[in-house]
Amino acid sequence: MQQATARAHPNIAFIKYWGNRNAALRLPANSSLSMNLDGLFAETTVNWNDRQPADTFVLNGSEQSGASLTRVSTHLDHLRKRLRLSARAHVESANNFPTGAGVASSAAAFAALTVAAVAAAGSQLDERELTTLARLGSGSAARSVPAGYVEWHAADTHEGSYAESIFPPSHWNLVDVIAVVSSAHKARGSTEGHGAADTSDLQAARVAGVAGRLEACKNAIRDRDFEAFAQVVEHDSNLMHAVMMTSQPPLFYWKPASLALMERIRDLRADGVRVCYTLDAGPNVHCICVRDDASHVIGALADMSEVMETLTAPVGGGVQIIAGT
Ligand code: DP6
């Protein structure tokens, strides 16, 4: 087998990854926790080819060069080393969600790339190792490999920093209603932001409190306690954005529309709707709610002039090989 195709979902973090203790290996400053987003996916085919002089990469139908190709090729170098391969690869990847939707595509992309590349080489690695390999391409990709609710462990070694499912998708029917307020390409990507995290005086304080928040978040999911969940998820998102805003250079991902939405979400919750917000490295607002309240949330967002569109994603499974062995 030389060719395989894998499909992976993006994920949304409830306890955020921000900053690395080792940037080259993407060993994160802190552990994080997320859920996979069903219905949205990256589908990636890898073909190892002895006769190809260099790696090639086609994304959403267009041949890539420069930084985009280099990032994929560097990741393939890690995989070649582990798989003891010298062949170059042809990689084709496509996302079924719009690039401007504010959903980080790197998590789904590197999870699918890693799993497809390993399968195409005819190797079988366990899920834990696959998460560590995916992590080398994009930190959050480690969390897109296992199913459902996933914890990614911070550690000082490559082997120790892996992700695992802590609850299956069926455990709790949470839904991410993504409110798109801007489809502009972000000015500064996550990789650059991680590098600046330690320039904020607040990063050490944020990291010091992660273990407690992660425990609180896990317990809230375990008990399906939405109020406790909402408190810790919003707090953790706010803390990450406080670090971002106080880094050198400062990173302001929130737009006025993001703030208007955060306020609306808090008001809805005060009225008894089980919804809370979290934001990644962009202005779009992920409104996390229980499935029974999703249509109410979607309706409330549709009434807001700040919202361009919404995407709705329930809890998703893990990465899947859909062709090849
Ligand atoms: C704000 O995993 O995209 O979404 O490792 O450089 O690819 P790289 O960074 P990435 O960072 C994600 C940051 C975040 C928070 C999170 O998903 O935990």
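The values are calculated or read from the model by the stated rules, or taken from the named source; none is laboratory data. All of these numbers come straight from a predicted model, not from anything done at the bench. All Cβ positions, even for glycine, are placed from backbone atoms using ideal geometry, and neighbour counts span all protein chains on display. Only protein heavy atoms, including side chains, enter the accessible area calculation; ligands, DNA and RNA are left aside. Shrake-Rupley method; radii C 1.70, N 1.55, O 1.52, S 1.80 Å.
Only residues that are under 14 Å from the mean Cα position of the chain (by Cα) and more than 8 Å from the ligand (Cβ to nearest atom): list them for region 1-19, please.
Matches in region 1-19: Ala8, His9, Pro10, Phe14.
Give region 75-100 a look and list any residue that's assigned to a helix (DSSP H, G or I) and surrounded by fewer than 20 Cβ atoms within 10 Å (Cβ to Cβ), or say none.
Selection gives Asp77, His78, Arg80, Lys81, Arg82, Leu83, Thr99, Gly100.
Of the conditions (1) more than 16 Å from the ligand (Cβ to nearest atom); (2) open to solvent by 50 Å² or more (accessible area, probe 1.4 Å), Thr70 satisfies every one except a single condition; which number is it?
Checking Thr70 against (1) more than 16 Å from the ligand (Cβ to nearest atom); (2) open to solvent by 50 Å² or more (accessible area, probe 1.4 Å), the one that fails is (1).
Keeping to region 248-272, report how many residues are in contact with a helix residue (DSSP H, G or I) (Cβ under 8 Å, 6 or more places away or on another chain) and assigned to a loop (DSSP other than H, G, I, E, B).
Summing the residues that are in contact with a helix residue (DSSP H, G or I) (Cβ under 8 Å, 6 or more places away or on another chain) and assigned to a loop (DSSP other than H, G, I, E, B) in region 248-272 gives 7.
Do we have any residue at all in region 265-279 that's open to solvent by 10 Å² or more (accessible area, probe 1.4 Å) and within 16 Å of the ligand (Cβ to nearest atom)?
The answer is no, given that none of the residues of region 265-279 is open to solvent by 10 Å² or more (accessible area, probe 1.4 Å) and within 16 Å of the ligand (Cβ to nearest atom).
Listed here are the residues, each with its yes/no results for (1) at positive phi; (2) more than 10 Å from the ligand (Cβ to nearest atom); (3) open to solvent by less than 20 Å² (accessible area, probe 1.4 Å); (4) among the polar types (S, T, N, Q).
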residue	(1), (2), (3), (4)
Leu133	no, yes, yes, no
Gly139	no, no, yes, no
Arg143	no, no, yes, no
Gly148	yes, yes, yes, no
Ala154	no, yes, no, no
Tyr162	no, yes, no, no
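Just wondering, is there one or more residues in region 33-53 that are among the basic types (Lys, Arg), within 16 Å of the ligand (Cβ to nearest atom) and part of a loop (DSSP other than H, G, I, E, B)?
No - not one qualifying residue is present in region 33-53.
In this structure, does Ser295 turn out to be in the same structural domain as Leu259 (by TED's automatic domain parsing), of a type in the set (Ser, Thr, Tyr), open to solvent by 20 Å² or more (accessible area, probe 1.4 Å) and not in a helix (DSSP H, G or I)?
no
So Gly19 clears everything in (1) open to solvent by less than 50 Å² (accessible area, probe 1.4 Å); (2) touching a helix residue (DSSP H, G or I) at 6+ places or on another chain (Cβ under 8 Å); (3) at negative phi except one condition, right? Which one?
(3)
Quick one: what pairs do we get from region 266-283, first residue free of Cβ contacts under 8 Å to residues at least 60 places away in the same chain and within 24 Å of Val243 (Cβ to Cβ), second in a helix (DSSP H, G or I) and among the hydroxyl-bearing types (Ser, Thr, Tyr), C-beta under 8 Å, 6+ apart or different chains?
Close Cβ pairs satisfying both conditions: Tyr277/Ser237; Leu279/Ser237; Leu279/Ser258.
May I ask you to verify whether Ala116 is under 18 Å from Pro10 (Cα atoms), open to solvent by less than 10 Å² (accessible area, probe 1.4 Å) and more than 16 Å from the ligand (Cβ to nearest atom)?
The answer is yes for Ala116.
Take the conditions open to solvent by less than 20 Å² (accessible area, probe 1.4 Å), under 19 Å from Gly317 (Cβ atoms) and more than 15 Å from the ligand (Cβ to nearest atom) and apply them to Val180. Does it pass?
Spelling it out, it is not the case that Val180 is open to solvent by less than 20 Å² (accessible area, probe 1.4 Å), under 19 Å from Gly317 (Cβ atoms) and more than 15 Å from the ligand (Cβ to nearest atom).
Where residues in region 54-67 are of a type outside the set (S, T, N, Q) and either outside any strand (DSSP E or B) or open to solvent by 30 Å² or more (accessible area, probe 1.4 Å) (or both), which of them is nearest to the ligand (Cβ to nearest atom)?
Ala67
Are any of the residues in region 54-62 hydroxyl-bearing (Ser, Thr, Tyr) and free of Cβ contacts under 8 Å to residues at least 12 places away in the same chain?
The answer is yes, given that some residue of region 54-62 is hydroxyl-bearing (Ser, Thr, Tyr) and free of Cβ contacts under 8 Å to residues at least 12 places away in the same chain.
Can you name every residue in region 56-77 that is out of contact with any Phe, Trp or Tyr (no Cβ under 8 Å at 6 or more places or on another chain) and within 15 Å of Thr45 (Cα to Cα)?
Those that are out of contact with any Phe, Trp or Tyr (no Cβ under 8 Å at 6 or more places or on another chain) and within 15 Å of Thr45 (Cα to Cα): Thr56, Phe57, Val58, Leu59, Asn60, Gly61, Ser62, Leu76.
Scanning region 183-225 for residues that are surrounded by fewer than 16 Cβ atoms within 10 Å (Cβ to Cβ) and of a type in the set (A, V, I, L, M, F, W, C), which turns out modelled with the lowest pLDDT?
Checked region 183-225; the qualifying residue modelled with the lowest pLDDT is Ala187.
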